[in-house]
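Written out below as structure tokens is the structure these notes cover.
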Amino acid sequence: MVKRIAIFGSTGSIGKQTLEVIAAHPDKFSAEILTAYTNEKLLIEQALAFNPNIVVIADDKKYHSVKEALAGTDIKVFAGEKSLNEVALMDNYDLMLAAIVGYAGFKPTLNAIGKGKTIALANKETLVVAGDIVMQKAFENKVPIIPVDSEHSAIFQCLVGEGRNKVEKVILTASGGPFLGKKPNFLVNVKRDHALQHPNWSMGAKVTIDSATLMNKGLEMIEAKWLFSLQPEQVQVVIHPQSIIHSMVQFEDGSIKAQMGLPDMKLPIQYAMAFPQRIHSNFPRYDFKKPSTLSFEEPDLRTFRNLALAEEALQRGGNLPCILNAANEIAVFAFLRNKIGFLDITAMVEQTMNKIPFLQHPTLNEYFESDGEARNYAASMIHM
Ligand code: NAD
Ligand code: MG
């Protein structure tokens, strides 16, 4: 049976790699829904190549050019943020590959869960913003949430076959990003183009900056808590610059399982799409005959303070992760536009976390409000 895939965010780094997996396995997967924000050119190209049922361009100013380009086909074209949420509710697909970046991916994913769709989750922000509500809704609708994030895919793979065996902790590996070993006197002068050079992974701009500031690992700690029902103390981060071990699980007998491979996001994408099966791939293999060292070290929390802030949000819970995420999105966006410096990202996140009222048990609406307040406050700190 062919699994019908809805790729939310098909023009991004994860979205494009998802289409590569589909192209390699046309007998197993089809692309039914493709969505993009502003890149209509690539969306049109993808639509013509994969012939989906539906495309959505979130930026409604681009509607006419997409509609015109696809006029000779029977592909339905929708536009606007509202359409993203509506299309997520449709019956014509089986699995949502949630690959929109940031908070924008939250509502469509929540809608898909409400409709009982299996979720392959790349958009970690969805769980950071309102993990309790998302997981509860998934539980109620018996929806599997299969992680695409490489670390969480690794943990998920380590847990297969373990049933109710008790997990002592999970160990998230982090490459350390391009500024591993650097100190604040160096980071204060870092510019966007340097921060966009990741040593091991080629990703979208936001997650690349998050990797350089280590916020990405902080978001992933929160993501891990929700995906695997962990206490904050059960989530540890270790720097592993080679990115060969993608993460580990330590069980109550002290045994540690690791999942390894060359860094290639197509592997966790394909795993999530084909689960519970493993299917063939031609991805390059790790070669143990080539001399190499796998090394591990503690993260430098004094320099990369974003990770400490995310740990605080993980510990205190409530709306604090949502506030952290919103402020970080605004700050990263400003850094990418050369409006603020690299270390200002942390300062903005910290000040916003201190400013916005803390709520221990927010409702969904209160999460939306916290997100909005945090965004406004963070934005007010940027001098245009
Ligand atoms: P990207 O920036 O390359 O792509 C983002 C996609 O989302 C694009 O298709 C874009 O059109 C769409 N989008 C952006 N803003 C939108 C909006 N406001 N409304 C609707 N659509 C919007 O990002 P990416 O690197 O592919 O990352 C996607 C998600 O996956 C992120 O949450 C990221 O943290 C996560 N992730 C990415 C990688 C990676 O290797 N790239 C690895 C692990 C996790
Ligand atoms: Mg990751």
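What follows draws every value from the coordinates through simple rules; no lab data is involved. All figures in this text were calculated on a predicted structure; none of them were measured in a lab. When we count neighbours, we look across all protein chains shown, and the Cβ atoms used for this are built from the backbone with ideal geometry, even at glycine.
Observations on the structure shown:
- A simple rule links phi to the HN-Hα coupling: the Karplus curve 6.51 cos²θ - 1.76 cosθ + 1.60 with θ = phi - 60°, which for the range 105-117 gives x, 5, 5, x, 5, 4, 4, 4, 4, x, 8, x, 7 Hz, with x for Gly and Pro.
- Normalised alpha carbon radius of gyration of the chain [divisor 2.2 N^0.38 Å]: 0.96
- Net charge, E373 excluded, C-beta distance under 15 Å - Lys, Arg +1, Asp, Glu -1: -2
- When the chymotrypsin sites (Phe, Trp or Tyr not before Pro) in the range 290-365 are filtered for DSSP coil states and for at most 16 other beta-carbon atoms within 10 Å of their beta-carbon, the remaining sites are F296, F358.
- Using distinct alpha-carbon pairs, which all enter the 1/r mean, Kirkwood radius of the range 3-147 in Å: 14.9 Å
- Given K166/K289; K76/K191; K3/K191; K61/K339, the pairs whose alpha carbons are separated by over 31 Å: K166/K289; K76/K191; K3/K191
- Measuring spread by the Cα atoms of the range 293-384 yields a radius of gyration and Dmax of 14.2, 49 Å.
- Test item: Cα-centred dipole of the range 132-248, Lys/Arg +1 and Asp/Glu -1 on Cβ, debye: 240 debye
- Whole-Hz couplings from phi, Karplus 6.51/-1.76/1.60, listed for the range 296-313; x for Gly and Pro: 9, 8, 6, x, 8, 6, 6, 7, 9, 5, 4, 5, 5, 5, 5, 5, 5, 5
- Measuring gaps between exposed loop sites in the chain (GluC sites (Glu not before Pro); DSSP loop; at most 12 other Cβ atoms within 10 Å), the longest gap, sites not included, is 1-161.
- Counting every C-alpha pair in the range 55-94, the share spaced more than 14 angstrom apart comes to 46%.
- In the range 185-285, trypsin sites (Lys or Arg not before Pro) in a DSSP loop with at most 15 other beta-carbon atoms within 10 Å: K191, R278, R285
- Partners for K67 among aspartates and glutamates (Cα-Cα distance below 16 Å; same-chain residues under 8 apart left out): E40, E45, D59
- Considering only F106, T11, N376, the residue lying farthest towards the positive end of the dipole of the chain is T11, judged by Cα position with unit charges set on Cβ.
- Furthest towards positive pole of dipole, L43, Y367, N319, structure part the chain, Cβ charges: L43
- Residue among I279, N216, N53 farthest towards the positive dipole end of the chain, charges placed on Cβ: I279
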